[in-house]
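Encoded as structure tokens, the structure appears first; notes follow it.
The values are calculated or read from the model by the stated rules, or taken from the named source; none is laboratory data. Since this is a predicted model, take the numbers as computed values, not measurements. Here the Cβ positions follow ideal geometry from the backbone for every residue, glycine too, while neighbour counts run over all protein chains shown. SASA here: full protein model, heavy atoms, side chains in, ligands and nucleic acids out. Shrake-Rupley method; radii C 1.70, N 1.55, O 1.52, S 1.80 Å.
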Amino acid sequence: MQCVLEGCSKLRKLEIRGCPFGNAALLSGLEKYESMRCLWMSACSVTMNGCRLLAQEKPRLNVEVIKDENSDDFADKLYVHRSVAGPRRDVPPFVVTL
């Protein structure tokens, strides 16, 4: 993932599906996420702890985790975006905002 983030200097949106990327890949792009509009990861190996670390390191980003009923520690879908308005207030109950 680091190669993609470093190789695409004008990258604004990134969607990753069904990939073995986990916390290490997610956290390797910290410096790039604030210049992007959004990052979407689904069916990857990202844990809730990795999502929390991202939210702590980059508090200006909105980190939203969409949880399925069956999963405990893994983030089924992750949506990271920047917004001047801050976190959304209209999130449904299955979305965890960090």
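Averaged per residue, what accessible surface does the chain expose to a 1.4 Å probe, in Å²?
Details: 5930 Å² over 98 residues.
Heavy-atom accessible area per residue stands at 61 Å².
If I take every Cα pair under 8 Å that is 6 or more residues apart in segment 7-98, average their sequence separation and divide by the length, what percent do I get for the relative contact order? Display every interim value, and only then the final one.
Numbers: 159 pairs, mean separation 25.9, N = 92.
Over segment 7-98, the number comes to 28 percent.
What's the extension gain from LEU11 to GLU57 if we count 0.36 nm per residue and subtract their Cα-Cα distance? Intermediate results must be reported in sequence, preceding the final value.
Values: separation 46, 0.36 × 46 = 16.56 nm, distance 2.05 nm.
My answer for the length gained is 14.5 nm.
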Proximal lysines to LYS77, defined as alpha-carbon separation beneath 16 angstrom and excluding residues fewer than eight positions away on the same chain: LYS13, LYS67
Theoretical FRET efficiency, 1/(1+(r/R0)^6), r = Cβ-Cβ of VAL4 and ASP90, R0 30 Å, to 0.05: 0.45
For GLU31, solvent-accessible area (1.4 Å; no DNA, RNA or ligand), Å²: 120 Å²
Within the chain, longest stretch clear of exposed chymotrypsin sites (Phe, Trp or Tyr not before Pro) (DSSP loop, no more than 15 other Cβ within 10 Å): 22-93
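How large is the dipole of the chain about the Cα centre if only Lys and Arg carry +1 and Asp and Glu carry -1, each at its Cβ, rounded to the nearest 20 debye?
Values: 14 positive and 12 negative charges, 106 e Å.
It comes to approximately 500 debye.
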Gained length - SER45 relative to LYS67, 0.36 nm times residue gap less alpha-carbon distance: 6.6 nm
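Please report the antiparallel percentage of the DSSP beta bridges confined to the chain, to the nearest 5.
On the way: 15 of 21 bridges.
In the chain, approximately 70 percent of DSSP beta bridges are antiparallel ones.
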